[in-house]
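Since the structure comes first, as structure tokens, the remarks are kept for the end.
The values are calculated or read from the model by the stated rules, or taken from the named source; none is laboratory data. Quantities reported herein were computed from a predicted structural model and do not represent experimental measurements. Every residue, glycine as well, gets a Cβ built from its backbone with ideal geometry; the counts of neighbours run over all protein chains shown.
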Amino acid sequence: MNIINLNNVEFGYGKLKVLKNIDLTVEEGQFLSIIGPNGAGKSTLLKLINNIYENYDGEISIYGRDVRSYKRKELARIVSFVPQDTFLDFEFSIEELVFMGRYPFQKRFQNDQKYDYDISYRAMALTNTLEIKDRLVTQISGGERQRALIAKALAQDPKIILLDEPTSHLDINHQIEVLELLKELNKKQNLTIISVLHDLNLASRYSDKLVLLKDGQILKSGNVGEVLTASNIENAYNMRAIVELNKFTNSLFITPIEPKKRDKNASLPSIHLIAGGGSGQIIMSRLLKEGIDLSVGVLNVGDSDWQLAKSLKIEMVEEKPFSAIKEETSNRNLNLMKTKDIVVIAQVPIGHGNLLNLEMALTAINEGKKVVYLNEDSEKNIDYTNGTATKIMNDLISKGMIVFNSIDKLMDYIENYKSK
Amino acid sequence: MEHNYRKKSKLSIIIGLMVLLAIIVAVVSAIGSANIKASDVYRIILSKIPIINKYVNIENITDAQFAIIWNVRLPRVILGILVGSSLSVAGVSFQGLLKNPMSDPYILGVSSGAALGATIAIINHLEYVKYGFSSITFAAFIGAIISVFIVYNIGRINNKLSTNTLLLAGVAVGQFFTAIMSFLMVVNSNDMSKIIYWTMGSLSGKGWNPVKSLSIPILLTIVVLIYYSKELNILLTGDETAKSMGVNVERTKRIILVLGTLLTSLVVSVSGIIGFVGLIIPHIARIIFGPDHKILLPCSAIVGAIFMIITDAISRTLISPVEIPVGIITAMFGGPFFIYLLRSKKKMM
């Protein structure tokens, strides 16, 4: 039975969208783990399900009812939440902390009843915190604190328990201990568990279902075998990994190999960029992200675009620092330009030293190359040649140079280039 | 069962503290000129209670002694109890709510608002008395409420109270009001000593009137705050955790802030700014009684009351007949004691 439904959920802080297009169903008694790289929106998703963040778009329902229609106490009787890194600065004993879990069931000034007592003690017994119940929460280890917090969540007698990285900062023995406990509760009491987990191997070993998030979207959800494939991991984490079956745990085991290399994307056109003085930095990073075969030139050694291109290992034609482009250099650049599909001109200030760059673009367009100019700030003067550069620019436009006023439009053009 | 035992022990702590308070009330009322015994204080109190007074013999107490105790010292001691317990309860609530050990009842600008209000009344020589309250008291109360209102509205972002913004707004508005007060003081230098005395706080010469009108609102507010002790406990685990446990965090915060500032404004407008009590008594009570607000709130109310009436007794007898503003005594005696507690606690750990 589906007990949790998320339908086209979207959430963000202001313009920044943390989660978008989230569709998710969770069945009763499922052990679901949310995995994905840092900043993918894992914790946020958990908090949305618990109605801690209320101003989202879309629908979230628990047992068929909109979460926002629950009173806080009502919801707390169904769902409990174990947050990450709870900072407990006040000297409550573990027992006092666990008894707090009974809050949603109690009336004001009602003292703890036998029933509250039984449930809290059972929660402590299950989590092995009974023997340390009188210790102060400020004086226990990370593992003990995590178990105490789980005991508090269990004292809420929930049907669904949400955990945000319950194993972070724990030693490996405590990690396994906590997850074994959760699995046992999941199996024996049919407790539905949704947990954010960092460790893919633990997620694969204990979960029934996985949700892989990337950049606020569900990249893949389904059973462990469907989600934990080498290509999904590579996609989400930009890292190559080997996925194999661990015979001992009978679960998939992931071994990270190396960060993913930027593959040249053959379906996209190759590009030569004319830039300088920092005008090409955003263009370079966007083009490289798409895996485009990119070259730059001519750039003076030491120029800020030169530094970036150097560190990104982009193919480049360079000239000595602060000197005008020489004949020989421009020929090499022209040869490089000819091997590419498109010449992109950034909004680079043109002086006598780099005027040859523009003239090369003119040569290229005359030979039938596509030339594109990214004119993001039309107010900005780039002509420091008393009109020569403007004349060449107008010449280029009359010969069919395409002008874009934003990087996004340029990227659209490039992505649709081949299909045209 | 063990939890019954614990509950009993908590109750016995509170009863024990009450008895201690009753003893100290008599002792501090008897201290001073006029040579009165502590037991006489009880007889005077009992003689004022209907029915019981038939069985109390006060023949050997002179009229002068009776008047000193009943008209001067007792109202002063009871006002001290009200002020001490209010400041302590407000301090405990704010420290828990804002999760900041530096919080005191004045953190949201109550004191500087009240001081500015009182200053305006003093320099304008508004001297009428209504319902037993002076115009200074009224002006101080209005000043306190205005400054808290400003701070609260700055601290509210998108209908949510941001703790840090609230604290910083309290500091900024407080400094601003204090600056205006200082300016007014410099311009009206004739009234300077009166203003300074007011800001240092005093319980002297107020009579029964403030006690009569303040006790019921103060007691009610304290009871309601104790009513919220479970929520205050859970809020210590963090706002998000508290939400997930079923606490309506925003509403609870608002209620506690409003009640705490009301409590503070009421007593400050009568007694002036008595520092230290609302900051240190909560810490002392927390060290002794633990963090559970259900016991911490009532205990710190009683401990605050005891501390207040003892320091007040010192303030009026130390260099008698000159009265030292009680705020000076609270800091002078409370500071070293608190440092001692902090150090001995460190050794324990």
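Elements of the type strands (runs of 3 or more DSSP E) sitting completely within the range A:184-256 and holding at least 2 residues that are without any contact (Cβ under 8 Å) to a residue 40 or more places away in the chain and outside the structural domain of A:G291 (by TED's automatic domain parsing): these cover A:217-222, A:239-246.
If you go through the range B:289-348 and keep only what is small (G, A, S), within 14 Å of chain A (Cβ to nearest Cβ) and under 20 Å from B:I81 (Cβ atoms), you end up with nothing.
Per the listing A:I52, A:I34, the residue uniquely assigned by TED's automatic domain parsing to the domain that holds A:R147, touching an Asp or Glu at 6+ places or on another chain (Cβ under 7 Å), touching a residue at least 24 places away in the same chain (Cβ under 8 Å) and not in a helix (DSSP H, G or I) is A:I52. The requirement of being crowded, with 21+ Cβ neighbours inside 10 Å and among the basic types (K, R) is satisfied by B:R286. In the range A:82-89 there is at least one residue that is among the acidic types (D, E), under 27 Å from A:L179 (Cα atoms) and facing chain B (nearest Cβ under 9 Å). Condition check for A:K313 on (1) on the phi < 0 side of the Ramachandran plot; (2) under 34 Å from the mean Cα position of the chain (by Cα); (3) free of Cβ contacts under 8 Å to residues at least 40 places away in the same chain: one failure, at (1). Here A:G368 fulfils each of the conditions (1) loosely packed, with under 13 Cβ neighbours inside 10 Å; (2) on the phi < 0 side of the Ramachandran plot apart from (2).
Per-residue answers, yes or no, for (1) among the aromatic types (F, W, Y); (2) in contact (Cβ under 8 Å) with a residue 40 or more places away in the chain; (3) in the same structural domain as A:F81 (by TED's automatic domain parsing); (4) assigned to a helix (DSSP H, G or I):
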site	(1), (2), (3), (4)
A:R108	no, no, yes, no
A:M124	no, no, yes, yes
A:D134	no, yes, yes, no
A:P158	no, yes, yes, no
A:H169	no, yes, yes, no
A:N173	no, no, yes, yes
A:I176	no, no, yes, yes
A:L181	no, yes, yes, yes
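Just one residue in the set B:V72, B:V27, B:V19 is touching a helix residue (DSSP H, G or I) at 6+ places or on another chain (Cβ under 7 Å), farther than 24 Å from B:G260 by Cα and aliphatic (A, V, I, L, M); that residue is B:V27. Looking across the range A:61-81 at every residue that is among the aromatic types (F, W, Y) and in a loop (DSSP other than H, G, I, E, B), the one that is nearest to the other protein chains (Cβ to nearest Cβ) is identified as A:Y70. When the residues of the range A:90-108 are narrowed to those that are surrounded by fewer than 18 Cβ atoms within 10 Å (Cβ to Cβ) and either among the polar types (S, T, N, Q) or facing chain B (nearest Cβ under 7 Å) (or both), which ends up nearest to A:G143 (Cα to Cα)? Checked the range A:90-108; the qualifying residue nearest to A:G143 (Cα to Cα) is A:E91. Considering the range B:199-243, the residues that are surrounded by 15 or more Cβ atoms within 10 Å (Cβ to Cβ) and charged (D, E, K, R) include one that is farthest from the other protein chains (Cβ to nearest Cβ), namely B:K206. Using the structure shown, decide if B:N159 is within 14 Å of chain A (Cβ to nearest Cβ) and out of contact with any Gly (no Cβ under 7 Å at 6 or more places or on another chain). So B:N159 fits the description; yes.
Taking the range B:185-210 on its own, how many of its residues are in a loop (DSSP other than H, G, I, E, B) and within 18 Å of the chain's Cα centre (by Cα)? Residues flagged as in a loop (DSSP other than H, G, I, E, B) and within 18 Å of the chain's Cα centre (by Cα) within the range B:185-210 amount to 7. Of all residues in the range A:334-350, those satisfying the criterion of being touching a residue at least 60 places away in the same chain (Cβ under 8 Å) and not in a loop (DSSP other than H, G, I, E, B) are A:L336, A:M337, A:I342, A:V343, A:V344, A:I345. The conditions of being surrounded by fewer than 24 Cβ atoms within 10 Å (Cβ to Cβ), away from chain A (no Cβ under 13 Å) and touching an Asp or Glu at 6+ places or on another chain (Cβ under 9 Å) are met by B:G275.
Criterion applied to B:S47, B:S88, B:S33, B:S29 was being surrounded by fewer than 22 Cβ atoms within 10 Å (Cβ to Cβ) and closer than 24 Å to B:T317 by Cβ, and the one residue passing it is B:S33.
Restricting attention to the range B:244-272 and to residues that are within 14 Å of another protein chain (Cβ to nearest Cβ) and either of a type in the set (D, E) or not in a helix (DSSP H, G or I) (or both), the residue that is farthest from A:F105 (Cα to Cα) turns out to be B:E250.
When restricted to residues that are of a type in the set (K, R) and surrounded by fewer than 15 Cβ atoms within 10 Å (Cβ to Cβ), the range A:172-211 contains 2. For the range B:66-79, filtering for residues that are surrounded by fewer than 18 Cβ atoms within 10 Å (Cβ to Cβ), under 13 Å from B:I36 (Cα atoms) and not aromatic (F, W, Y) leaves 1.
Note on the range A:134-171: residues that are over 18 Å from A:I78 (Cα atoms) and buried (at least 20 other Cβ atoms within 10 Å of the Cβ) total 9. Among residues of the range B:94-115 being within 16 Å of the chain's Cα centre (by Cα) and within 14 Å of chain A (Cβ to nearest Cβ), the one that is surrounded by the fewest Cβ atoms within 10 Å (Cβ to Cβ) is B:Q95.
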